[in-house]
Each structure stands twice: as C-alpha cells, then as structure tokens.
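The values are calculated or read from the model by the stated rules, or taken from the named source; none is laboratory data. Source: prediction; values computed, not measured. Methodologically, a virtual Cβ is constructed for each residue, glycine included, from the backbone with ideal geometry; neighbour enumeration extends over all protein chains shown. SASA here: full protein model, heavy atoms, side chains in, ligands and nucleic acids out. Shrake-Rupley method; radii C 1.70, N 1.55, O 1.52, S 1.80 Å.
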Amino acid sequence: MNSFLGIDLGTTHSLAAIVDENGARVLVPPGAESPLVPSVVALLEDGTILVGNAAKNLSLLHPERVIHSAKRLIGRTKAEVALEAATLPYRIVEGPGGRALVRIPLKDGAYQDWSPEEISARILAEVHRRALAALQAQGREIQDPSLRQIVLTVPAYFDEAQRQATKRAAELAQLEVIRLINEPTAAALAYGLGEREQANIVVYDLGGGTFDVSVLRVQEGIFRVLSTHGDTQLGGDDFDRLIQKAMLEQIEQETGAKPKESPQILSQLRLAAEALKKRLSSEEEGGLEIEVAEGNKTTFHLTRKTFEEWIQPLVERSMRAVRASLRDAELLPADVDEIILVGGSTRVPLVSRLLEEEFQKPPLSSIDPDLAVALGAARQGAVLAGKSQDLLLLDVVPLSLGIETLGGAFAKLILRNTPVPCSHTEEFSTQVDKQTGIDINIYQGERELVKDCRKIGSFKLTGLPALPAGLPRVAVTFTVDEQGLLRVTARELRTGKTASVEVRPSLGICEDEVRRIVSESIEKAGEDMGAREAIDLRNKAEAVLKGTEAALRAGGEGLPPEQAYSLKKAVSRVKKALGKKDEEQDTLALHQALEELSSLTGQLADDLISSAVSKALKTEKNG
Ligand code: ADP
Ligand code: MG
C-alpha cells in the first residue's frame, strides 16, 4: 500500500509517523533510539556534525556551536528575527537578500555559515532515517520511493516565505513534500475531527519554547483557521528555568558554592530541573540530590503545589491568548466543541485544569500531546495516497484570483492561501469616455501581469450610463465558497446593473502545478515589480494628461502665455515618453516628465481657483 510519512518539524522536537495497513502509529526505531528527535544540530570545531540528543547535550558547554530553535529563523530575514536573536546564544548574520544565517566558529578563526533550511534539513534527515530504521525492523522494503514523500507540518501563522523555506529544507534532505499542513489542523485530524459535520475546535499547543493557540472550524471535511494567537517566548523551558533558579538559590545558601560560574553545573541543573518538572506532572512531589563538588551535596525538594504557584502567571498568560483568539474568531467559550492539547508542556496538570475552567469541559487528551501533530500529518498522507493527485482538497484558495485592469496589470482580489469561504469587493471604473460596457477578465496566478497568469473566465457588464471615463462606479465582488467555487459579480452602483459568472478555479490544476506557479512568481518577483511599476506609471501619466487637457479646455485661455507654454511643453514631453513601445519605454524619462507636468498642473489648479475666487469677489463688489 502506498502511504506517505507525516513529519512534525518542531521547534524543540521533531517526529515521524505513518498510516499503513498496520494502522496509524509513530515509527519507533529499534534499540534505544527515540523516535522523538531534539531539533538541535551541532557543528564541532573539526567539522563533525551532530544531530538530536548528542547535539543537545553539548548546548551549555558550546552554546555558540549548538543550534537549536532553527525554526524561529527559517524563511525570515535577520531584521525580522532581531528580537528572538537576542535570546539565542549563537551568532546570527545577514545572508543574501537579508536572510538570517547562523555563523558557527571553526578552527583558526574560520567559520561556517548555515542557513536555517540546512539546519532543518539535517533534523528532517535524522527523523526520516529513524523512521526508515523502524520500518525496516518491521520487515518493510525501505527502497520504496514513496517513503521519501512526506506530509510536513508548519505553524498556522507561518507566512509564505516561512512555508517555502520549510519545503526547501525537506528538498535539501531529499524528501518530497506532498503537502504542507498546519500543525493545529494536523492535531485535529489525529483526533478524527475532519469527519465531523461541523465543529469549532481550539488547539492549545504549549511546546518547549513557544506557545500557539488556534481556533479552527471544520465543516464537511474542510478546515478553516479562524484565528491564531500565541507567544513566541513561552514554553516548558520557562518552567525549567524557574526550577533551576530555585535550585541555584538553595545551592548558594546551603553550600556557599557559586554554580552560576560553571557551565557544566548549569547544564546539569537544567537537565535536573526538566526531569523534576516532568515527574511533577504525575506525582505530587519530588526531590533530588545535587552534587556541586566532591562531597558538597544538597537535596532539592519541590511539591507540585509550589511548582504550580511559580508557573501560574505563565499559564495565565497563555489563557489570555486563548481568550484573544476566541474573540478574533467571534466565538464564545460555549461555542467551542473540542479543545485539543498539543505539545509536551500540556502534560502539566495545571494547564488542563485552567482550560477546563475556561471552557467548562475537559480537553481531549487520549492522544499523546507529543505525537498528535505527526500522527495527523500521517493521516492526511493516507487520505492523499488514496486520492487522485489532481483533485485538490481545498481549505484555502491555492492561487490568487483577480481581474485584468488597465494596461494588462493583474488586480488580485483574493490572495493565495486565504481560507475559504471568502469574499472581497473592489471598485473599478471605465477607461474610455461614454463606455457603456466593461469586459471582466478573470485570472488566477501569482504574477503581476495577466499575460503571465491563467485566464479562467470572462463576462461583460453592459448597459452602463454613458459618462466620462472614470465616473461610472463598478463594484466587482469575488466570492469563493467552501467547495472552491468562485462567483464573480460586477455591479454598476448608480444604475444597479449587475452581471456575474461562476467558475471553478481549481479544475485541472494539481498541486505540482500550484507549486511551480508559486515558485516561478518568487523567481520573477523583481522583474514583475518593474513591469508593474511601468504600467502603473503609464496609467498615472495618461490620467494626468487627460486631466490637464480638460482643465486647459475649461479655463486655459485665461493663463499667462509663459505658463501656457511651459504646460504645453510638459504635456508634449509626457506624450513623447508615453509614445514609446513597451520594451523601450524609458521609465525614468516618463517619471521625470510626469513629475514636471504634475508640479505645473498643481500650480494651474491653484491659479484657476484663485482666479475664480477673485472673479467671485469682483462680482460681489459690483453687485
Ligand atoms: P515543540 O513543539 O516546541 O518542539 P514539544 O511539544 O516537544 O515542543 O514540547 C517540549 C516540552 O515539553 C519541553 O519543555 C519538555 O520539558 C516538556 N515536557 C515533556 N514531557 C513533559 C511532562 N511529562 N511534563 C511536563 N512537561 C513535559
Ligand atoms: Mg510542537
């Protein structure tokens, strides 16, 4: 049976799962290896690369070469991560296009720059290697190429750049991403909530260093993210730090030692604090013996009650984000059908207690919160494997939709990745005087010019009042329903005259094609912006010309001759710059000519007004 692996690429841990004839499960490699790989990569001075626990264990000794939290950097510029970079112990530098890179020192002042994609690729490769080892141990043929195809998860708030970079990481690991899905959607799929007729779902994800909450609505198998909130600096690590701090205080008081000065002891305390925290999730109290130096020991003891007092403000902070997310989704706690717990830190009993108080119902907890996202991704893979590739299951608009405007520009009314159903209206006007009909040409794509997009439909709105260009007001509305059906309506606002058409934009477009179109638009972005600016400039120049000529007709005779002369000269310069063909259009010359004309017409308008005012004043006096 063909099935895709699901991979949860987490900030602190990553994991693979599969759905096949043996059911949905996390792939546990044979021996002592854990399926849960810490998302940490280390580069040693001699060039050795470590991934997972081996890397994590060095983190306090060699903070500058142990890279954790690469997910915080992926697909982002150095400027965008400036705040988070301050909390990371390794060096971040600016790469091509401003991208954030990690600079790791090597021998003799040399260094290596790694992109977050390369770091994530190592993590993905390691997760994948362990998954294959598990399958092989179960007697499966691991040369099967379908095992390199994966469903990969990303946070719901990831933007296009972050999503693309995550895909690139998978490509670097020689994996093919069949589908990227949102982490909260994956968690909901793990619980089988995709089969509900309709449900409102809150996904509460408290991991090691980040907190995310999402409100989803599922309706006939389609997931919509209604809102997301969170805190990029809140997680289980903060709980560990509170315990570590108390340990340090006690050690200083009781033994007089200064453990803060020793990275080894700090590292040991951090691990001890995390272990004690985990124990307090199932036990009421716990203690451990800490050896600061030969024969210098102390026993640290902590009850769950005290621990909960310490972390209460942090968990409360997450609850405020939950409330904000509900508000944005325009839901009341009572409207929420299910609450899902994701992330290792939701094992802390205080978390589910506060959530239960908030919603007056217990959160779902039958699936291990560490595994839910990977399991859901695998489930999605199983659905896709059983489906024909060219049928797109829509939960968002896969490609931007819009119409052709002046000069062949593409006006996008609905942007790619907008959750369905959605609707957007914009106003347009006529381009020619006394125009009584408008052709609405509908396109789909990511480029700036319609010639680079795909035409998916057209219709004509007729019977417009014969008015000067620019006066009729035509509202164009794009509506995409849950099934992905697009309805475009054009309505002239004065007369109420309306025309519309329905198209199914996803028809005949498969995911590969969507991928190609999006990557092409990224490649051509620079070129497109130039072309788009040139068109916008032409359109503006034409409008200014028209306005000037109209103004001259209306009151031009009264102008002083030298002003009329310079105006006419400026008009002809703009016309000349406009006259050139597209390829040779000298944008700079047009821009300059237009600037000059605009400054003159500005003056003209002032002069016309003041002459009108003085005329009025004169009549008043005389009358
Ligand atoms: P991420 O999604 O950010 O990769 P995880 O979901 O893997 O993070 O969560 C990791 C966090 O969960 C760590 O802070 C870890 O200490 C914490 N954690 C794991 N098990 C428990 C437990 N039993 N009790 C409390 N916290 C736990
Ligand atoms: Mg996670």
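Select from segment 418-448 the residues that are in a loop (DSSP other than H, G, I, E, B) and hydrophobic (A, V, I, L, M, F, W, C) and write down the one among them that is nearest to ALA499 (Cα to Cα).
Within segment 418-448, the match that is nearest to ALA499 (Cα to Cα) is VAL432.
From the list THR232, THR306, which residue is of a type in the set (Val, Ile, Thr), within 16 Å of ligand 1 (Cβ to nearest atom) and touching a residue at least 60 places away in the same chain (Cβ under 8 Å)?
Just a single option satisfies the conditions, and that option is THR232.
Pairs, please: C-beta under 6 Å, at least 6 apart or cross-chain, first residue over 25 Å from GLY256 (Cβ atoms) and in segment 270-294, second part of a strand (DSSP E or B) and more than 16 Å from ligand 2 (Cβ to nearest atom)?
ARG279/GLY286; LEU280/GLY286; GLU285/THR303
If we keep just the residues of segment 201-229 that are within 16 Å of ligand 1 (Cβ to nearest atom) and in a loop (DSSP other than H, G, I, E, B), which is nearest to LEU371 (Cα to Cα)?
Within segment 201-229, the match that is nearest to LEU371 (Cα to Cα) is GLY207.
Return the residues of segment 351-380 that are of a type in the set (D, E, K, R), more than 14 Å from ligand 1 (Cβ to nearest atom) and either within 24 Å of the chain's Cα centre (by Cα) or open to solvent by less than 30 Å² (accessible area, probe 1.4 Å) (or both); say none if nothing qualifies.
The answer is ARG379, and nothing else.
With the requirement that a residue be among the aliphatic types (A, V, I, L, M), within 27 Å of ALA469 (Cα to Cα) and out of contact with any strand residue (DSSP E or B) (no Cβ under 6 Å at 6 or more places or on another chain), what does segment 398-446 give you?
Answer for segment 398-446, where residues must be among the aliphatic types (A, V, I, L, M), within 27 Å of ALA469 (Cα to Cα) and out of contact with any strand residue (DSSP E or B) (no Cβ under 6 Å at 6 or more places or on another chain): LEU406, ALA409, VAL432.
Give me the strands (runs of 3 or more DSSP E) completely within segment 466-535, filtered to those with at least 1 residues that are closer than 22 Å to GLY407 by Cα and modelled with pLDDT of 90 or more, ordered by residue number.
474-480, 486-492
Output the residues belonging to segment 1-33 that are away from ligand 2 (no atom under 14 Å from the Cβ), part of a loop (DSSP other than H, G, I, E, B) and either touching a residue at least 24 places away in the same chain (Cβ under 8 Å) or touching a Leu at 6+ places or on another chain (Cβ under 8 Å) (or both).
The answer is MET1, ASN2, SER3, PHE4, ASN22, LEU27, VAL28, PRO29, PRO30, GLU33.
Take the conditions open to solvent by less than 60 Å² (accessible area, probe 1.4 Å), more than 30 Å from ALA186 (Cα to Cα), at pLDDT below 95 and part of a helix (DSSP H, G or I) and apply them to ILE251. Does it pass?
Yes, satisfied.
Go through segment 351-361 and give me each residue that's part of a helix (DSSP H, G or I) and polar (S, T, N, Q).
Result: SER352, single match.
For segment 41-56, state whether one or more residues are of a type in the set (Ser, Thr, Tyr), in contact with a Lys or Arg (Cβ under 8 Å, 6 or more places away or on another chain) and open to solvent by less than 70 Å² (accessible area, probe 1.4 Å).
No, segment 41-56 contains no residue that is of a type in the set (Ser, Thr, Tyr), in contact with a Lys or Arg (Cβ under 8 Å, 6 or more places away or on another chain) and open to solvent by less than 70 Å² (accessible area, probe 1.4 Å).
Of all residues in segment 12-40, how many are within 16 Å of ligand 1 (Cβ to nearest atom) and open to solvent by less than 20 Å² (accessible area, probe 1.4 Å)?
Adding up the residues that qualify gives 8.
Taking the condition of being within 16 Å of ligand 2 (Cβ to nearest atom) and among the aliphatic types (A, V, I, L, M), how many residues in segment 173-201 meet it?
Here the count works out to 7.
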